[in-house]
Structure formats: C-alpha cells, structure tokens
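Colleague: The structure that follows is given in the form of structure tokens.
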There are 2 protein chains.
Amino acid sequence: MPLVIDIAIAKTNKYASRESGDTVEIVERPGGGMSVIMADGQGSGRAAKALSLLVTAKVAALLKEGVRDGASARAANDFLFAMRHGQVSATLDILSVDLKTSTVVITRNSGTSCLVTNDDGVNVITGTERPLGTHARTRPWTMEFPVAAGVRVILVSDGIAQAGARANDAPLDLASLLCRAGDDAEAQDVADLVLSSAILCDRGKPADDMSVVSLALREHQQPILIRRMRAEVPLP
Amino acid sequence: MPLVIDIAIAKTNKYASRESGDTVEIVERPGGGMSVIMADGQGSGRAAKALSLLVTAKVAALLKEGVRDGASARAANDFLFAMRHGQVSATLDILSVDLKTSTVVITRNSGTSCLVTNDDGVNVITGTERPLGTHARTRPWTMEFPVAAGVRVILVSDGIAQAGARANDAPLDLASLLCRAGDDAEAQDVADLVLSSAILCDRGKPADDMSVVSLALREHQQPILIRRMRAEVPLP
C-alpha cells in the first residue's frame, strides 16, 4: 500500500521571551520527498533567532538546489565559520524523506537524543556531533534507513532535552511518550504530546526555547492524492 | 485579544500526472510574520515542477533575507527572464502577514481571482498582472490592508480557476464556498473545501494541477504560545 509522509512541528518560546531562537522549516526536495530543517542559535532572543534563520535559510536553499544533506550541513558550517569567525555556534538537524533513494536520512550537528522507530524497533539514539560555526572542518552525524510503513522519528531541541533539569527531574522518555501516543497517532499528536510534556516538566514556564519535529510514515488509501500543509502561529 | 495566523495549503496533481507543476512554500519572515509563496510553472510534469521550484526557492531566499515582497517578485521575474531568455513563464502569488507593518500584503503575477475578507467585506478581486519570465520589466499587482481578526484570504492556481471549464460550468464561487465553510472555519477547512469542490467540478479527474492557499486571522486565548506546522504528502 502506498505511504503518506506526515511531518509535524510544535514549538514554543522560553518563558517571558518574545522570540524563539529556534527555527524550523519544511522544504520540498527537488528529486522528490520532503526535508525538515531545525536550527537552534546560540543564546536566546533576537540574535539567536537571526542566527538560526540564517542557518536554516542556507540549508533550505542548498537542499532545494538538490545538494545532499551532508554536504548542505558542511556548507552551513563553513559559511557560519567564515562569516562569524568561529565566534557563534548553532545546532542543526536535518530530517529527510528522500524518494530518490527511498530512504529516511537524519543529519545532525547537535547533542540531544533522537528517537527512531523502524525495522530495528524503537531506539533512542544519542549520537552527537559538535554544533556548526566554531570549527573549520565540522562534519555531521548521519543515519539512513529505508522508507517503510511504521517508521517514526522524533527530533527535539535543547530546551526539550533539558526540560525539568532545574528541578533535577529525569529527562523526558521519548520512547514511553511515543508509546502513550499510540500506534495510530498522527505526527502532530506526537509533537504536541512531547512539547506539552516538556512544558509540564518546566512547571509551565519553559526554561529555554523548545521545538519538536515528528515524522510518521503511514499507509493510505486516498484515491486522489491531496497534499496539505499548514502553519499556525499565535501572536503575543 | 491577540491573533493567531492560520495558513493552510491543499493541492493535487492533474489527473494521471505524477508530478504537480505547482509549488507552494511557507516561510517565516525575519522581521516577524509569515509568507506563503505559490508558483505555477508553464506546462505540466517535471519541467513545470522544476520551474516552479526555482521560482519559489528564489523568492523564499529573498524574503528570508528581509527583501520586500514586491522587490522579491521583481527579482524573480528578472532572474527567470535572464536565465531562460523570456521563453518560459511562471505565475507567482505571495501572501504575507507582515508583523513589522501589521499588514496583510498580497503580491501577484497571475490571472486568477482571489478572495479577500476584511473590514471592507468579502471581495473577489480579479486584478491581474502578467506572469513572470516573459518580459524584462514585469511588475506585480499588490494589495495591502491591516492585520485584524476576521481577515480571510483565498488564493487559487489556474487549475482551480478553470475547474469545470471543459464542461462549460460556471467558475467556482469562492465567496459562497467561504460562506458554506462558516465563520469559525479553520484555514485548512476552507482550503480543503475549495479543493474538493474544484475536483468535483472536474468530475473527479483534475484537468490541471490544483492548489489553494487559505489564510485566516483569528483571535486566540492560548496562555502559552505554541506554533505548529504540518505537512502531509501522500505518495502514489
């Protein structure tokens, strides 16, 4: 049965901060498929936002030109390093469903754990690489596996990974959250559950910007293929 | 009461065509707010898709650098004209909620009608400008009005505007569709209704690629501001 690529993002600002330093973007791949790009700029507020926008814009432009994910991450590092002389850093996560190769590709320069559900079961992966911008030859951590029904990926920014840390709580257990969401959960349900759990861990006042990216590959039976895209941005 | 920017896209391919020649992208504006970019490349299939991707990628990159919508449309025209020697054309629609100026801005190089609901009531606007790529000094048609609760905009591609034309049906009445969706309808409900009505007009077999962009500005009472973004892409 054919698959549907279901991607969702949920994010919020650090408490009492007007602007989130995280930027998340969804782009269409010229060879077929979709990519999500998440960047977390060093610091918070306006400067961090400008930085993360710069990184996602660079990576989005490269992906839309057909550049490979790994090469795009390397280019973003070199660009940031050249422009800002190694003095600012940003984390970068790229999650792609590549229909040319029929694989899911995860490319990361960040330190948070991510969850992957595929043929190998449910795995929380802690593979990390240093963020972009501080060294000349940084390279990304990558993972690739076949596109298949039942695949799920959850990527989180620092603010989610550290939720509850001030109160010495254990970090969020992504695997048990996914289990709670259920097998039929849509990507948005999972993203919303992870974000609301993280906000709860921080006692309703997020200690940092928080972003969650959730991917689900499900089977569908739509006779006419309808693509949907949506953005909901509540203003203060 | 604060507002939520609610943007939704629904699109489908021409019947029996693997690829849609339309591309729609949502981007975040560096000065605050969101923009949707819709391009319809001349022809259909792979060449049209590559062309529309090229146009949206160019406009998205410029908007993310803080370039004004009108200047971005002009730049996309000049770029396409220079690259393809005036031999290919693409329509372009940019719909922005600009929080710097607190206005909704519509910038168009296309011939379809669009619907705008604001303080002046519900208006279907037929203002057109020629598409990008065929002349050296093409400029866009523009409209700007204040951000306010109750604002709605519907933009459609050619395939929606021409739906039913083969059977000599009257074109879709966007105003009555919006009315049918109801005042509380979310942007996605409106986009889905317009698309499904257009598919129905074409007797279930879209005669051309079809895309709908829907914007709704609604009031919200969320204590914690959570942004959401979603993409659903069913594969053949």
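Colleague: I'd like the accessible area for B:M143: 1.4 Å probe, protein heavy atoms, all chains in place, Å² to the nearest 10.
Modeller: 50
Colleague: Counting heavy atoms of the protein chains only and a 1.4 Å probe, report the per residue accessible area for chain A as a whole number of Å². It would help to have the intermediate numbers written out before the result.
Modeller: Values: 9830 Å² over 236 residues.
Each residue of chain A exposes 42 Å² on average to a 1.4 Å probe.
Colleague: Please find, in a Gaussian network model of chain B (springs between Cα atoms separated by less than 10 Å), the residue of B:K64, B:K11, B:K49 whose mean-square fluctuation is greatest.
Modeller: In this elastic network of chain B, the residue with the biggest mean-square fluctuation among B:K64, B:K11, B:K49 is B:K64.
Colleague: How big is the shadow of the Cα convex hull of segment B:43-84, averaged over all directions, in nm²? Please list the in-between numbers first.
Modeller: Details: hull surface 11.7 nm².
With every direction weighted equally, the projected area is 2.9 nm².
Colleague: Is there a simple number for the mean count of other chain Cβ atoms within 10 Å of the Cβ of residues in B:185-193, and what is it? Don't skip to the end; give the middle numbers.
Modeller: Numbers: counts 0, 2, 3, 4, 0, 0, 4, 2, 0.
What the average comes to for B:185-193 is 2.
Colleague: Report the local net charge at A:K205: Lys and Arg +1, Asp and Glu -1, summed over other residues whose C-beta lies under 12 Å from its C-beta. Mind dumping the intermediate values first?
Modeller: Values: positive: A:K14, A:R166, A:R203; negative: A:D202, A:D208.
My count for the surroundings of A:K205 gives +1.
Colleague: Net charge around B:V151, counting only other residues with Cβ within less than 10 Å of its Cβ (Lys, Arg = +1; Asp, Glu = -1)?
Modeller: Working: positive: B:R152, B:R218; negative: B:D119.
With Lys, Arg at +1 and Asp, Glu at -1, the neighbours total +1.
Colleague: Tell me the total accessible area that B and A bury against each other, 1.4 angstrom probe, in square angstrom rounded to 100. The partial results should precede the final answer.
Modeller: Numbers: alone 12300 and 12310 Å², together 19660 Å².
Counting protein atoms only, the buried area is about 4900 Å².
Colleague: Per Stokes-Einstein, at 20 °C and 1.002 mPa s, what whole-number D in µm² s⁻¹ belongs to segment A:18-126, with the Kirkwood radius over Cα pairs as the hydrodynamic radius? Provide the component values of the computation, followed by the final result.
Modeller: Values: Rh = 14.4 Å.
Estimated via Stokes-Einstein, D reaches 148 µm²/s.
Colleague: When N is the residue count of segment A:126-168, what does its C-alpha Rg come to as a fraction of 2.2 N^0.38 Å? Show your work: numbers first, answer last.
Modeller: Numbers: Rg = 14.9 Å, N = 43, 2.2 N^0.38 = 9.2 Å.
So the Cα radius of gyration is 1.62 times the expected 2.2 N^0.38 Å.
Colleague: Quick one: if the Förster radius is 41 Å, what FRET efficiency do B:A47 and A:R203 give, using the C-beta to C-beta distance and rounding to 0.05?
Modeller: Working: r = 55 Å, r/R0 = 1.34.
Once rounded, the FRET efficiency stands at 0.15.
Colleague: Restricted to Cα positions, what overall size does segment A:151-191 have along the principal axes? Three whole-Å values, descending.
Modeller: Principal-axis extents of the Cα atoms in segment A:151-191, largest first: 33, 17, 14 Å.
Colleague: How big is the equivalent ellipsoid of chain B along its three axes, where each semi-axis is √(5λ) from the Cα gyration tensor, reported in whole Å from largest to smallest? The partial results should precede the final answer.
Modeller: Working: eigenvalues 131, 105, 53 Å².
After diagonalising the Cα gyration tensor, the semi-axes are 26, 23, 16 Å.
Colleague: Mean Kyte-Doolittle hydropathy of 0.5 or higher plus an axial Cα length of 20 Å or more: which whole DSSP H helices in chain A meet both?
Modeller: Numbers: long enough: A:45-64 (28 Å, 1.01); A:69-84 (22 Å, -0.03); A:187-201 (21 Å, 1.34).
Helices meeting the span and hydropathy rule in chain A are A:45-64, A:187-201.
Colleague: How big is the Cα convex hull of the protein assembly as shown in projection, averaged over all directions, in nm²? Display every interim value, and only then the final one.
Modeller: Numbers: hull surface 85.0 nm².
Approximately 21.3 nm², given one-decimal rounding.
Colleague: Next question. Using Cα pairs under 8 angstrom and six or more residues apart, how large is the relative contact order of chain A, in percent?
Modeller: On the way: 530 pairs, mean separation 59.6, N = 236.
Relative contact order for chain A comes out at 25 percent.
Colleague: Output, in nm with one decimal and in ascending order, the distances from the B:C179 label point to the matching label points of the other copies (7 Å from Cα along Cα-to-Cβ).
Modeller: 5.4
Colleague: How many angstrom lie between the Cα centre of segment A:208-236 and the Cα centre of segment B:127-176?
Modeller: After rounding, the separation between the Cα centres reads 26 Å.
Colleague: Distances from A:F145 to the same position in the other copies: list them in nm, one decimal, shortest first, using label points 7 Å from Cα along Cα→Cβ.
Modeller: Label-point distances to the other copies, shortest first: 5.1 nm.
Colleague: Further question: So which of B:K11/B:K205; A:K14/A:K64; A:K49/B:K64 end up more than 22 Å apart, counting from Cα to Cα?
Modeller: Working: B:K11/B:K205 13 Å; A:K14/A:K64 31 Å; A:K49/B:K64 12 Å.
Distance filter (> 22 Å) returns A:K14/A:K64.
Colleague: What's the local net charge at B:T134, with K and R +1, D and E -1, over the other residues with C-beta under 15 Å away?
Modeller: Numbers: positive: B:R74, B:R84, B:R130, B:R137, B:R139; negative: B:D40, B:D78, B:E129.
That sum, taken over residues with Cβ under 15 Å, equals +2.
Colleague: Order A:160-171, B:92-103 from most to least packed using the mean count of other Cβ atoms within 10 Å. Before the final figure, lay out the partial values.
Modeller: Details: A:160-171: 15.9, B:92-103: 20.5.
Top to bottom by mean Cβ count within 10 Å: B:92-103, A:160-171.
Colleague: Over 20 Å apart: what share of the alpha carbon pairs of segment A:143-226 falls there, rounded to a whole percent?
Modeller: Numbers: 1395 of 3486 pairs.
Result: 40 percent of Cα pairs exceed 20 Å.
Colleague: When the distances between all Cα atoms of segment B:63-170 are binned every 10 Å from zero, what whole-number percent does each bin get?
Modeller: 14, 39, 33, 13, 1
Colleague: Would you work out the Kirkwood radius for segment A:1-59? I mean one over the mean of 1/r across all pairs of different Cα atoms, in Å. Please report the intermediate quantities before stating the final value.
Modeller: On the way: mean 1/r = 0.0781 Å⁻¹.
12.8 Å is the Kirkwood radius here.
Colleague: Turning to a different aspect of this structure: Working only with C-alpha atoms, what are the Rg and Dmax values of segment A:85-140, expressed in angstrom?
Modeller: Computed over the Cα atoms of segment A:85-140, radius of gyration and Dmax are 13.5, 43 Å.
The values are calculated or read from the model by the stated rules, or taken from the named source; none is laboratory data. Please read these numbers as outputs of a predicted model, since none were measured by experiment. Ideal geometry is used to build each Cβ from the backbone, glycine not excepted, and the neighbour counts take in all protein chains shown. Please note that ligands, DNA and RNA were not included when accessible areas were found on the heavy atoms of the full protein model with its side chains. Shrake-Rupley method; radii C 1.70, N 1.55, O 1.52, S 1.80 Å.
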